[in-house]
Amino acid sequence: MAELATIARPYADALFKAQSSDLTATAVWLDRLAAVAENAQLLQFAENPTVETDQVFDVMAGVASKEDAPLPEAAKNFLRLVIENGRLATLPEIARQFRSLKNTATGTTDAVVFSAFPLEGAALEEVATALERRFGRKLGLRVELDPSLIGGIRAVVGDEVLDTSVKARLEQMKVALIS
């Protein structure tokens, strides 16, 4: 693991310096590339000696591009560099380190909010405000759906967890009844 972090650090640093004018957009496309690079079949395809780097690039760029949000030139150039240097497997770690640099520069902390139902607009703003007040820092929220929560939310901020879900309350009641 330390080896991946060591390999990823110069890439994350260089990308952070090169894209310092638009860190948020860079984080978005870098996360998309990292998510694609976590696919074991894609990594196996990329490591095949008969496969050209252009083929790997075309597959990665095609999967990571969205109809409403194609990859910008900076993303394509970065992806090509990573593939040509044989560092595709380090993309998730590069993205993690880039987010850490971005958070330090902007004074935010990443937070994942798990919800049984989609959170959008005013509801998301209300949750963000409450969580920022509760944790005492500016948060960069990402919402993930988890129907098993039944209702409420579960927020993970660094190593802290705030669980106000119905599932957690039912578990608490179960423990209280058993003991």
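The values are calculated or read from the model by the stated rules, or taken from the named source; none is laboratory data. The structure displayed is predicted, hence computed values, not measured ones. Positions of Cβ are generated from backbone atoms using ideal geometry, with glycine treated the same way; all protein chains shown enter the neighbour counts. Protein only, heavy atoms only, side chains kept; ligands, DNA and RNA dropped before computing areas. Shrake-Rupley method; radii C 1.70, N 1.55, O 1.52, S 1.80 Å.
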### Message
Given Cβ point charges of +1 (Lys, Arg) and -1 (Asp, Glu) and nothing else, what value in debye, to the nearest 20, does the dipole of the chain about its Cα centre take?
### Response
620
#### Entry: Under the Karplus curve 6.51 cos²θ - 1.76 cosθ + 1.60, θ = phi - 60°, whole-Hz ³J(HN,Hα) for segment 97-109, x wherever Gly or Pro sits
5, 5, 4, 5, 5, 5, 4, 5, 5, 9, x, 10, 10
### Task
With +1 on each Lys and Arg Cβ and -1 on each Asp and Glu Cβ, and nothing else charged, work out how big the dipole of segment 96-161 is about its Cα centre, in Debye to the nearest 20.
300
### Task
Evaluate the charge dipole of segment 12-85 about its Cα centre and quote only its size in Debye, nearest 20, assuming +1 on the Cβ of each Lys and Arg and -1 on the Cβ of each Asp and Glu.
140
#### Entry: For V143, distant residues with modelled amide H under 5 Å away
V113
### Query
Using Cα atoms only, what is the angle between the long axis of helix 23-37 and the major principal axis of the chain, expressed in degrees (0 to 90) to the nearest 10?
80
### Query
Taking only pairs that are 8 or more places apart or on different chains, how many Lys pairs in the chain have Cα atoms under 26 angstrom apart?
8
### Cα-based helix-to-principal-axis angle, 53-64 vs the chain, degrees rounded to 10
30
## Note on the structure
Heavy-atom accessible area of the chain with neighbours in place, 1.4 angstrom probe: carbon+sulfur share in percent works out to 54
### Task
Calculate one ³J(HN,Hα) per residue across segment 158-167 by plugging θ = phi - 60° into the Karplus curve 6.51 cos²θ - 1.76 cosθ + 1.60, and present them in order as whole Hz with x for glycine and proline.
x, 9, 9, 10, 10, 10, 10, 6, 5, 4
#### Entry: the chain: angle of helix 121-135 to the longest principal axis, Cα-based, in degrees nearest 10
80
### Task
Calculate, for V59 and T106, the FRET efficiency according to 1/(1 + (r/R0)^6) with r their C-beta to C-beta distance and R0 35 Å; round to the nearest 0.05.
0.60
### Task
State, as an integer percentage, the relative contact order of segment 91-179 based on alpha-carbon contacts under 8 Å between residues 6 or more apart.
30
### Task
Specify which residue in the list P49, S179, N85 is farthest towards the positive end of the charge dipole of segment 39-179, using unit charges on the beta carbon of Lys, Arg (+1) and Asp, Glu (-1), about the Cα centre.
S179
### Listed residues A74, A61, T26: farthest to the positive end of the dipole of segment 23-101 (Cβ charges)
T26
### Task
Name the residue farthest towards the positive end of the dipole of the chain from the options L4, T129, V112, assuming +1 on Cβ of Lys and Arg, -1 on Cβ of Asp and Glu, about the Cα centre.
T129
### Query
Quick one: accessible area per residue over segment 1-121, 1.4 Å probe, rounded to a whole number of Å²?
56
### Summary
Once T24 and A5 are pulled to full extension, the length gained, defined as 0.36 nm per residue separation minus their Cα-Cα distance, is 4.7 nm
### Query
What is the set of long-range amide H partners of I153 at a cut-off below 5 Å, with H atoms built 1.01 Å from backbone N?
T164, S165
